[in-house]
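Engineer: Below is the structure I would like to discuss, written out as structure tokens.
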Amino acid sequence: MSLLHQESEEEIDDAARGEEFTKGSSHVVWASIVATVVVAIVVAVYVVAGEKPPVARGEIVQVWAHPSHVETSGFDANGEAMARESFEQVLVFAHVKLRNQSNVPLFLEDVLANARLSDGTLSVSAGDAAQYQEVLLAYPELTALRGNALSPRTMLAPGESLDGITFWILRVNKQQWDARADWKPDSRHGDPGSKFGLNFTFSFQYQHSLVLAPHTAVIEQ
């Protein structure tokens, strides 16, 4: 066999080995891609399976607002004279439906009214049942809003539902109230946004808060 013939065979062997290496590398690449896709699918299934539904669901049936001008009597609780004060406020009432859809008791700690004003968001805690009755006595023109007072601090047993009226007092004038701005939902933070510049946060002990937005315009009462 000539030297030339030997070199040609070596070149052929090297080419064959290179082709086999290329095929082997392609198989490794495809195997890596398939493995990556499989892992991504497994992770997605795990995340979806691990997501739990909200512990509570609810609805804001209707919201009413009553702007008012307030002047103090000029006397303190002991009957002593004091400087008279005057200010503007808006009373907000909401017909709320709430249901515990978990298998554990839920302890409602607070209900916030969140109003998006021109200078930022104003969040105010709801009044209790006794304050609700006092407001209705002070404002007889609001008797149409009399109903079952929903306490902002109560317990819901598993499967229990609440249906009632909650109220808030916002220290803003009518012009500020009317200038409310809507905002878009933010699913990352559980914020449904609002088309009417207002939504409500229901805070539960040791649980995620539930934020609800009205689906109809606020009625001025």
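Quick grid of which residues meet (1) touching a residue at least 12 places away in the same chain (Cβ under 8 Å); (2) of a type in the set (Val, Ile, Thr):
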position: 120; (1), (2): no, no
position: 140; (1), (2): no, no
position: 145; (1), (2): yes, no
position: 149; (1), (2): yes, no
position: 173; (1), (2): yes, no
position: 183; (1), (2): yes, no
position: 196; (1), (2): yes, no
position: 213; (1), (2): yes, no
position: 218; (1), (2): yes, yes
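Engineer: With part of a strand (DSSP E or B) and either modelled with pLDDT under 95 or assigned by TED's automatic domain parsing to the domain that holds residue 113 (or both) as the only criterion, which of 172, 211 stands out?
Structural biologist: On the way: 172 fails: part of a strand (DSSP E or B).
None of the other options fit; the residue is 211.
Engineer: Next question. Of everything in the stretch 169-200 that's charged (D, E, K, R) and under 19 Å from the mean Cα position of the chain (by Cα), which residue is surrounded by the most Cβ atoms within 10 Å (Cβ to Cβ)? It would help to see each step written out before you state the result.
Structural biologist: Filtering the stretch 169-200 for residues charged (D, E, K, R) gives 171, 174, 178, 180, 182, 184, 186, 188, 191, 195.
If we keep only those that are under 19 Å from the mean Cα position of the chain (by Cα) as well, we get 180, 182, 184, 186, 188, 191, 195.
On the way: 180: 19, 182: 12, 184: 9, 186: 11, 188: 6, 191: 16, 195: 15.
Checking each candidate, the answer is 180.
Engineer: Just need a number here: residues in the stretch 82-108 that are of a type in the set (D, E, K, R) and surrounded by fewer than 15 Cβ atoms within 10 Å (Cβ to Cβ). Please lay out each step first, then the result.
Structural biologist: So in the stretch 82-108, the residues of a type in the set (D, E, K, R) come out as 84-85, 88, 97, 99.
Those still in the list that are surrounded by fewer than 15 Cβ atoms within 10 Å (Cβ to Cβ) too: 84-85.
Within the stretch 82-108, residues that are of a type in the set (D, E, K, R) and surrounded by fewer than 15 Cβ atoms within 10 Å (Cβ to Cβ) number 2.
Engineer: So residue 68 fits all but one of (1) more than 28 Å from the chain's Cα centre (by Cα); (2) within 28 Å of residue 203 (Cβ to Cβ); (3) not in a strand (DSSP E or B); what number is the exception?
Structural biologist: Only one criterion is unmet by residue 68, namely (3).
Engineer: Identify the single condition in (1) polar (S, T, N, Q); (2) in a strand (DSSP E or B); (3) closer than 18 Å to residue 56 by Cβ that residue 121 does not satisfy, given that it satisfies every other one.
Structural biologist: With respect to (1) polar (S, T, N, Q); (2) in a strand (DSSP E or B); (3) closer than 18 Å to residue 56 by Cβ, residue 121 is out only on (3).
Engineer: Related question: When you go through 217, 126, 130 one by one, which is the residue that is surrounded by 15 or more Cβ atoms within 10 Å (Cβ to Cβ) and more than 17 Å from residue 99 (Cβ to Cβ)? Break it down stepwise before answering.
Structural biologist: Working: 217 fails: surrounded by 15 or more Cβ atoms within 10 Å (Cβ to Cβ); 130 fails: surrounded by 15 or more Cβ atoms within 10 Å (Cβ to Cβ).
Answer to the selection: 126.
Engineer: Out of the stretch 152-168, which residues are crowded, with 18+ Cβ neighbours inside 10 Å and within 16 Å of residue 110 (Cβ to Cβ)? Walk me through it before giving the result.
Structural biologist: Restricting attention to the stretch 152-168, the residues satisfying the condition of being crowded, with 18+ Cβ neighbours inside 10 Å are 152, 156, 162, 165-168.
Listed by number, the residues that qualify are 152, 156, 162, 166, 167, 168.
Engineer: Looking for whichever is at pLDDT below 80, more than 27 Å from residue 179 (Cα to Cα) and among the aliphatic types (A, V, I, L, M) here; the options are 56, 49. Which one fits?
Structural biologist: On the way: 56 fails: at pLDDT below 80.
The match here is 49.
Engineer: Same structure, new question: Out of all the residues in the stretch 67-81, is one or more over 22 Å from residue 191 (Cβ atoms) and touching a Gly at 6+ places or on another chain (Cβ under 7 Å)? Outline the logic, then answer.
Structural biologist: Kept after step one, since they are over 22 Å from residue 191 (Cβ atoms), are these residues of the stretch 67-81: 67-81.
Narrowing further to those that are touching a Gly at 6+ places or on another chain (Cβ under 7 Å): 81.
Within the stretch 67-81, one or more residues are over 22 Å from residue 191 (Cβ atoms) and touching a Gly at 6+ places or on another chain (Cβ under 7 Å).
The values are calculated or read from the model by the stated rules, or taken from the named source; none is laboratory data. Just so it is clear, the structure is predicted and the values come from calculations on it, not from any experiment. Because the Cβ atoms are built from the backbone with ideal geometry, glycine has one as well, and the counts that use them run over all protein chains shown.
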